[in-house]
Amino acid sequence: MKPLSNLRTWIGLVILLGLFLIFSYFSTSPKPQFYPNYVTESPAPSGVKAFYTYVNEEKNGKLWRHSPDLLSATTEHQLLIMVEPSFTLEKQEMKAYIKYMKAGHTILLLQKNPQGMFDIKTRGTDTTESSKVRSQTGNTYRAQIKSTVRLQSRKGDEILLSDQAGPIAVKQLYGKGQLIIGVAPEWITNDSLLKKDHLPLLLYLVNQEKAGSILFDEYIHDRENGSSVWQVYPMWFLLLVIQATLLMILWLWMKGKRFGPIFVPREEFVRFSDEGVQALAAWYLRGKRYHDSIIIQADYVKMLLQERWQVPYHREWQDLSSYLEKKWTGLPANEINSFLSGLVNILEKEKITQQEYLIWSKKLEHLRREIE
């Protein structure tokens, strides 16, 4: 009957969990996922998934989510695309990116106002959104530029794109590599990529240097927009984990497991211990009956002497020196005599102090262990 009862319990538990799973599935309405702006894998209008998909299919595009000090310094030429960093880079991070470029790689930075990035200088402009952009080769493109700043070129810089207000994209040399700066990150978004001539302008900047592989830097977004555990794992997986946890708790409960302090049953404690002795000892201590206790302890030791060492029980303590000298080999004869005379004095007193009781109780305990 017991296995049948357990089987019914398990069947009921499985049915209950199944109903809970079905109810949870139909009661949870999926919320639209939020994507920050300029994230590479974002399908939102402000995301970069369209251009990343194109580059991934045509030119071996990859995502980069690690710290810049781990960027490859191999001989293969790479292009790293950074779109509107969501935080200001620290000095060590900036040095790592510069080292990466000096090793022969190229960084394409698209940012509305790159002032402070890689010592880039900008100036403000009062012009409205541009509609005509001129390239280095003299070609004219139609484009939308929302940035209110223009780049200030330095000696040795190469102006790639400009409009009537000033440079829009500039190339700077860093050792064997280059830095390409553009102030129109909206060109690369899903919403604006195919509008006007934004795609040809992006390809014009990307093709400035022939790269073996193209990396999209997500480190500049991930560090600030770190995902929680609720965003990393899908809802169905989290729901499964919760239900598995509940199932484990119920299984432990059914097996009789209990969580908390362990209380020893009184019956077991009384059976394997002597409560009477403990209560008697506590009574002697509370009543300060030290002399009575030491007499009982000495009498018990004398009984052990008779059982183990065949010392006559009726003999007085002062007459036991000859017996103890033969058996108690760990103590010199003069110390044995001193022990016996001191014990006799203690036993003849009417009252003793707690300190005297502790001293002679330890000495008698030492003799008892020697006997046993």
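At 7 Å along the Cα-to-beta-carbon direction for both Leu285 and Ile11, put a label point, then send me their distance in nm to one decimal.
Output for this residue pair reads 6.0 nm.
Please report the relative contact order for region 49-224, taking Cα pairs under 8 Å with a sequence separation of at least 6, and give it as a percent rounded to a whole number. Please list the in-between numbers first.
Details: 348 pairs, mean separation 57.5, N = 176.
The normalised contact order for region 49-224 reaches 33 percent.
Calculate the spin-label point distance for Lys59 paired with Glu76, positioning each point 7 Å from the Cα along the beta-carbon direction, and give it in nanometres.
1.6 nm
So, with +1 on the Cβ of K and R and -1 on the Cβ of D and E, and no other charges, what is the size of the charge dipole of region 266-371 about its Cα centre, to the nearest 20 debye? Don't skip to the end; give the middle numbers.
Numbers: 16 positive and 16 negative charges, 27 e Å.
With only Lys, Arg, Asp and Glu charged at Cβ, the dipole is about 120 debye.
Suppose each label sits 7 Å from its Cα in the direction of the beta carbon; what would the Asn345-Ser67 distance come out to in nanometres?
Placing both labels 7 Å beyond Cα along the Cβ direction yields 7.6 nm.
Would you mind calculating the gained length between Thr137 and Lys176 on full extension (0.36 nm times residue separation, minus the Cα-Cα distance), in nm to one decimal? All intermediate terms of the calculation are to be shown ahead of the outcome.
Details: separation 39, 0.36 × 39 = 14.04 nm, distance 2.35 nm.
Gain on extension, Thr137 to Lys176, equals 11.7 nm.
Can you compute the FRET efficiency between Lys196 and Lys155 using 1/(1 + (r/R0)^6), with r the Cβ-Cβ distance and R0 = 35 Å? Round to the nearest 0.05.
Values: r = 33 Å, r/R0 = 0.93.
Rounded to the nearest 0.05, the efficiency is 0.60.
For the pairs Lys171/Lys196; Lys49/Lys171; Lys146/Lys176, flag any whose C-alpha to C-alpha distance is greater than 30 Å. The partial results should precede the final answer.
Working: Lys171/Lys196 23 Å; Lys49/Lys171 25 Å; Lys146/Lys176 32 Å.
Among Lys171/Lys196; Lys49/Lys171; Lys146/Lys176, the Cα-Cα distance tops 30 Å for Lys146/Lys176.
For Thr122, what residues show an amide H to amide H distance below 5 Å, using hydrogens built from the backbone and excluding near sequence neighbours?
Gln152
Read the figures in this text as sums done on the coordinates, not as results from a lab. Note that this is a predicted model, so its numbers are computed, not measured. Every residue, glycine among them, receives a Cβ derived from its backbone with ideal geometry; neighbour counts consider all protein chains shown.
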